[in-house]
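The values are calculated or read from the model by the stated rules, or taken from the named source; none is laboratory data. All values derive from a computational prediction rather than experimental measurement. Here the Cβ positions follow ideal geometry from the backbone for every residue, glycine too, while neighbour counts run over all protein chains shown.
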Amino acid sequence: MFLLGTYGLRNKRELWRTQTRLSNFRKQARHLLAAPTEVRGREEPVLLTHLGKLGLIQMGQSTLDDVLSLTVENVLERRLQTLVWRRGLAKSPYQARQLISHGHIALNQRRMTVPSYLVSFTEEGTLSYSPGSKFSRMAQAAAAASQVNAEMKTEEAPPVEAAS
């Protein structure tokens, strides 16, 4: 199936879990649309805030119609596995899954081992390699080397005389 390969899912059960999670969000939105005004006024902001924090909808500008228009791909894009791959910490979604399972990825300096974890919008900026991971040391060494190269390029080179 296309989604399994694109997002590096292990089996269809992971896809079904994601579809169920999305179905529950959409079901809550449908119930709120049919609910009395006082119930809707109380519970709608809670649902929209929760989905906004997850990064599934825009914070503050969204309506229940936006919740109903969510797709499985929207939810799959917020998984830790997908974000690790999209950020370039892994070369493929399958490698991202392996890095997470082996404890090489951290959120807020906390080691994560669950590839299906839905990353909130605020946590997304703290995505990195685990502090003790060999990948963290390799990334630091590569950053230091690129900084040295950049400094060497900025130094003025002696002018090259034209051959006559």
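If I ask for residues that are among the charged types (D, E, K, R) and either under 16 Å from the mean Cα position of the chain (by Cα) or in the same structural domain as S116 (by TED's automatic domain parsing) (or both), which ones from segment 48-87 would you list? Passing the criteria: K53, E73, E77, R78, R79, R86, R87.
Checked against (1) more than 18 Å from Y7 (Cα to Cα); (2) surrounded by fewer than 10 Cβ atoms within 10 Å (Cβ to Cβ), G88 meets all criteria but (1).
Counting only helices (runs of 4 or more DSSP H) that fall entirely inside segment 1-80 and contain at least 3 residues that are in contact with a helix residue (DSSP H, G or I) (Cβ under 7 Å, 6 or more places away or on another chain), the qualifying elements are 12-34, 37-53, 64-68, 72-76. The set of residues in segment 42-67 that are surrounded by 13 or more Cβ atoms within 10 Å (Cβ to Cβ), of a type in the set (A, V, I, L, M) and in contact (Cβ under 8 Å) with a residue 24 or more places away in the chain comprises L51, L54, L56, L64, V67.
When A90, A96 are screened for being outside any loop (DSSP other than H, G, I, E, B), closer than 19 Å to Y117 by Cβ, aliphatic (A, V, I, L, M) and in the same structural domain as S130 (by TED's automatic domain parsing), only A96 passes. Just one of the numbered conditions (1) in contact with a Leu (Cβ under 9 Å, 6 or more places away or on another chain); (2) at pLDDT below 90 is not true of A142: (1).
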